[in-house]
Structures are given as C-alpha cells and as structure tokens.
Amino acid sequence: MPPASFISGYGFDSIAISLLAKSHPFGILPAAFLWAALRNGAGLMQVRAGISIDLINIVQGLVIVFIAADEIIRRLYRIKKPKEAIREVVFTRGWGR
C-alpha cells in the first residue's frame, strides 16, 4: 500500500480539474494534462531554475480564480447568462404532422 502522503491531495486536484473543464467529459483530459504538467513541472523548476514550488500553487490558484470569475461577476452584478439557441428535438410526428 502506498504511503499516505502519496495519495493526499488527489481529491482537491480532481475538484480543480473538474472546475477547469467546466464538468464537460471531453474537457477533463486536456484539463488533467494541464494540471499534471503544472504539478510535475514544479519539482523540475525548483531543481533547475531555483524557483519555489509555491509559485506553481499560486499559478494554479489564479487559473481557478479566472475560470470561476465569469460566474462570480455574473452573480455580483446580477447579469443574466446569454440565452443559447435552444433547439427543439422532435422524436415523433403524430397525427399527420
């Protein structure tokens, strides 16, 4: 069984990835790759460039804030979302229509 420190934080990362992908199934993979690149690149940046890992945490936090900013601004200023073109799907045609 892996040590507890190895699996800690996956829940928080998965919430952030889902928020970044806006809960769309096809958006999860690119969001996960971006998040993994940031997370794995942090250690390499610390070794090669001498940059603190905390900088990556700040960048990840800013990404989450800017992704959520649309909804936050809409709620603060009570701006309605633009109505998308709603297409009505007709499954059956009855009575000669």
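Can you compute 3J(HN,Hα) from phi for each residue in region 61-76, using the Karplus curve 6.51 cos²θ - 1.76 cosθ + 1.60 with θ = phi - 60°, rounded to whole Hz and x for Gly and Pro?
The phi angles translate into x, 5, 4, 5, 4, 6, 5, 7, 4, 4, 5, 5, 5, 4, 6, 5 Hz.
Taking Cα pairs under 8 Å and at least six residues apart, what relative contact order does region 4-76 come out at, in percent?
Taking the mean separation of contacting Cα pairs over the length of region 4-76, I get 26 percent.
Considering the alpha-carbon set of region 4-76 alone, what are its Rg and its Dmax in angstrom?
When restricted to the Cα atoms of region 4-76, Rg and Dmax are 13.7, 43 Å.
Counting only other residues whose beta carbon sits under 15 Å from that of Leu19, what net charge do I get with K and R as +1, D and E as -1?
On the way: positive: Lys22; negative: Asp13, Asp70, Glu71.
Within the 15 Å Cβ shell, the charges total -2.
Compute the signed sum of charges (Lys and Arg +1, Asp and Glu -1) over the other residues within less than 12 Å, Cβ to Cβ, of Ala31.
Working: positive: Lys22; negative: Asp13.
Result for the local shell: 0.
Quick one: which residues, 5 or more positions from Ile51 or on another chain, have an amide H under 5 Å from its amide H? H modelled 1.01 Å from N in the peptide plane, none for Pro or chain starts.
Amide H to amide H, under 5 Å and 5 or more residues apart or across chains, Ile51 pairs with Gln46.
Where a number appears in this text, it was derived from the coordinates with a stated rule and is not lab data. All of these numbers come straight from a predicted model, not from anything done at the bench. We place every Cβ from the backbone using ideal geometry, glycine too, and count neighbours over all the protein chains shown.
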